[in-house]
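Just so it is clear, none of the values below were taken in a lab; they were calculated from the coordinates. Everything quoted here is computed from the prediction, not taken from an experiment. So basically every Cβ, Gly included, is an ideal-geometry build from the backbone, and we count neighbours across all protein chains shown.
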Amino acid sequence: MTDRVELGLRANARQFGLLVGLNALVGAMVGLERSVLPLVGKTDFGLQTHFAILAFVLAFGAAKALTNLAAGELAERVGRKRLLVAGWIVALPVPLLIGFASSWWWIIAANVLLGVNQGLAWSMTVVMKIDLVGPHRRGLALGLNEAAGYLGVAAAAFASGVLAATYAPRTVIAIGAAVVAAAGLVITLFRVRDTGPHVAHEQRMHGDSGRARLRFRTAFTRASVSDPVLRACSQAGLVNNLNDALAWGLAPLFLAAHGATVEQIAAVAATYPVVWGAGQLVTGWLSDFVGRKPLIVAGMLVQALALVLLMLGGGGFALSLGAAALLGLGTAMVYPTLLAAVSDASRPQDRAPVIGIYRFWRDFGFVLGAVIAGFGADAASPSAAIAIVAGLTAASGLVVAATRWQAPRPERRPHEGHRLSLRTPA
C-alpha cells in the first residue's frame, strides 16, 4: 500500500522540515570559504592579482551554472533524490583537495566540485520543496528554503573566520567540509524521500497530465528570451549573483587592504548572509501577498545602494558592516521571490527544467562577477569594480520595473475537488 500523496506545507511538514535542515548543510559547504579563502590565495599561494585570486569564484560559478542546467532536465529522468545523493558524493573530495593543496589549481579544482555539489544539492532541495508545497504559499516555502541555506552560509562563514585566527585556515575549511559532506550524504540516503509522486499529483490537478513536457531547447528559449517574465527574472538573477561574487571574492581583499582584521572580515562576511537568510523568512511569505515584481524591483535597487555605501566607506569597518546588512536585505527581497516567480510561470512537469535554466543564468553571474570584479580591480581599483557592479544592479532593477508582468489568472476548481489557485502573483 502506497502512502497517500497530498500537497501543502502542513501535510508534508516532516519531509519539508528535513529538507530545510539539509539545505542549511548545503549552504554551510560554501560558507566555509567565504571569510578566508580569498586571503589564503594571497598569503599561502602568493597570488598577486585580484583576477587570479577570484579564479576560484569563476570556477565555482561556471560549474554550478552548468550543473543547474543539467540538473533541471535530469530531475525528471532519474529522480530528485538520486541527484541529491550524487551532489553529496561529489562533495566528498572537496576537503581533501583544499587541505592538501600544493598549488592554487587544487583550490580551483575543489571549487569546480563544490559548484557541482551546490548545483545538484541546492537545486534539488529547492525543487523538492516546491513539489511538496504545491501552488499555495510557494513564496513562503522558498523563503524558508533560502533562509536555511544562507543562514548555513553565514554560520559557517563566521565560524571559519573566527577559527582561522587561531588555526590554519585551510585546515578549518577542510575539517568543516568533511563533517558537513558526510552528514549531508547520510541524511539524504536514509531520511529523504523522492517527490516525483507529488509532481504527478499536482499535474493531474491542473487537468493536463497528458500534455508532453517542453523540449529542452524550447524551455531554454522560453526561460531566456521569449517569455517576458522569465527573461526579466533570469537577468535579475544573473546580476544578483554578480553582487555575490563581488562580496565573496573581492570584499575580503578590499577590507584587508584597508587594515581590517580577520575577525572583522569574518563579521562582515557573515552579516551579509545572516540578513539575507533571516530576511527571506519574511520576504518569501510577503511575496505571496504583495506580488513578486515590487519586491524584485525594490530589492535590486537596495542592493545597488548597498554597493555604493561599500564603495564610499573606503574599507572602514563600520560602514562596511552597514553595507553588508543592506546588501543582505536587498538580496533577501529578491532571491526567494525570483524563484517563486519562475515557478509561477511554469507548468508542474516543466518546473524542474525551467528552474534549472533560471538557476543557470543566475549562477552564471558568479562567472561574470569574477571577471568584472577581478579585471576591474586590477585595471583600475576595487572601488571602480564595485561602482560598475552597483550600476549594473540598478539597471537590472529598472529592467524588471519596465517588464509587463503576467496578469493574474482566475481560479478554478479541479475535478478532484481540491481547490487550486492558478493565478500568478503580479
Revision key, fill the gap. When the charge dipole of the chain is computed with +1 on Lys and Arg Cβ and -1 on Asp and Glu Cβ about the Cα centre, the Cα farthest towards its positive end, among Pro135, Ala306, Ala260, belongs to Pro135
**Study point:** Extreme residue, positive dipole direction of the chain, given options Gly41, Gly119, Thr166 (C-beta unit charges)
**Key:** Gly119
**Study point:** Under the Karplus curve 6.51 cos²θ - 1.76 cosθ + 1.60, θ = phi - 60°, whole-Hz ³J(HN,Hα) for the stretch 87-103, x wherever Gly or Pro sits
**Key:** x, 6, 4, 4, 6, 4, x, 4, x, 5, 4, 6, x, 10, 4, 9, 8
Check your understanding: Once label points are set 7 Å from the Cα along Cα→Cβ at both Thr171 and Phe190, what is their separation, rounded to one decimal in nm?
Key -> 3.0
Exercise for review: Mark the label point 7 Å from the Cα of Ala402 along Cα→Cβ and return the residues of the stretch 286-328 whose backbone N is within less than 16 Å of it.
Suggested key: 297, 301
Practice item. Quick one: divide the alpha-carbon radius of gyration of the stretch 181-340 by 2.2 N^0.38 Å and tell me what you get. Key: 1.31
Revision key, fill the gap. For the stretch 36-135, the dipole about the Cα centre with charges only on Cβ (Lys and Arg +1, Asp and Glu -1), to the nearest 20 debye, works out at 160
Check your understanding: Seen from all sides and averaged, what is the projected area of the convex hull of the Cα atoms in the stretch 280-372, in nm²?
Key -> 6.9
Review point. Going highest first, how would you order 165-176, 142-153 by mean Cβ packing within 10 Å?
Key: 142-153, 165-176
Check your understanding: Using r as the Cβ-Cβ distance of Arg217 and Ala380, and R0 as 60 Å, what FRET efficiency do you calculate, to the nearest 0.05?
Key -> 0.90
Check your understanding: Helix 292-312 sits at what angle to the longest principal axis of the chain, using alpha carbons and giving 0 to 90 degrees rounded to 10?
Key -> 0
Review point. log10 I(q)/I(0), Debye, Cα-only the chain, no solvent, q = 0.13 Å⁻¹?
Key: -1.05
Point to revise | Given charges at Cβ of Lys, Arg, Asp, Glu: the chain dipole, positive-most of Leu338, Trp405, Val275 | key: Trp405
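Where does the chain land at 222 nm, in deg cm²/dmol rounded to the nearest 500, when only DSSP H runs of n ≥ 4 count, each adding -39500 (n - 2.57), divided by all residues?
-26000 deg cm²/dmol
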Review point. Which order do peptides 306-313, 351-358 fall in by mean Cβ count within 10 Å, highest first?
Key: 351-358, 306-313
Point to revise | Expected-Rg normalisation [2.2 N^0.38 Å, Cα atoms] applied to the stretch 1-139 | key: 1.23
**Study point:** Semi-axis lengths, Å, the stretch 131-265, gyration tensor of Cα atoms, sqrt of 5 times eigenvalues
**Key:** 39, 23, 13
Point to revise | Magnitude of the charge dipole, the chain, Cβ model with Lys/Arg +1 and Asp/Glu -1, debye to 20 | key: 1360
Review point. For the Cα atoms of the chain, what angle does the longest principal axis make with the long axis of helix 104-133, in degrees from 0 to 90, nearest 10?
Key: 30
Review point. Label point 7 Å out from Ala395 along Cα-to-Cβ: which residues of the stretch 356-382 have amide N under 14 Å?
Key: 369, 372
